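Okay, structure first, notes after.
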Amino acid sequence: MKKLIFSIVIILSFNSINSYSHVDHYAKYNYLEYDLFRNDKPIGYHKYEFKRDGKNLIVDSEVSFKIRKLGIDLYNYYAKSEESYINGVFSKFKSITNQNKKDKYVNI
């Protein structure tokens, strides 16, 4: 019983703490794009777009890659997400992911 009460106290104490994100180090960037490689061969990309409105920031992300062997797709991954920050504080996150033809969603 003591462990349960202790766990509840810890969880409740974390809910009252504001989480400040380190988004200032992206202040000079509007767009980033990376090529993804496996065994020195390109397999996909990862793109970020930064949209600002005053002190508010939206980060759009898109990633896509495919691993093939002998002409057969072994792994196929695509995800698109949007993160929102208000005055440097994380506000919300949503994403859509397709991993090997299975759709997954996140809304925080």
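The values are calculated or read from the model by the stated rules, or taken from the named source; none is laboratory data. Keep in mind that this is a model prediction, so the values were computed, not measured. Please note: Cβ atoms are built from the backbone with ideal geometry, for glycine as well, and neighbour counts cover all protein chains shown. Accessible surface areas use protein heavy atoms only, side chains included; no ligands, DNA or RNA. Shrake-Rupley method; radii C 1.70, N 1.55, O 1.52, S 1.80 Å.
Quick notes on this structure:
- Over 19 Å between alpha carbons, listed pairs LYS41/LYS104; LYS41/LYS69; LYS66/LYS94; LYS80/LYS102: LYS41/LYS104; LYS66/LYS94
- Protection proxy ranking, highest mean first, for peptides 81-91, 29-39: 81-91, 29-39, where packing is the per-residue count of other beta-carbon atoms within 10 Å, averaged.
- Heavy-atom accessible surface of the stretch 27-103: percent carbon and sulfur, 1.4 Å: 50 percent
- The residues of the stretch 53-100 have, on average, 63 Å² of accessible surface per residue, using a 1.4 Å probe with all protein chains present.
- Here the Karplus relation 6.51 cos²θ - 1.76 cosθ + 1.60, evaluated at θ = phi - 60°, turns the backbone of the stretch 47-54 into coupling constants of 10, 10, 10, 10, 10, 10, 9, x Hz, with x for every Gly and Pro.
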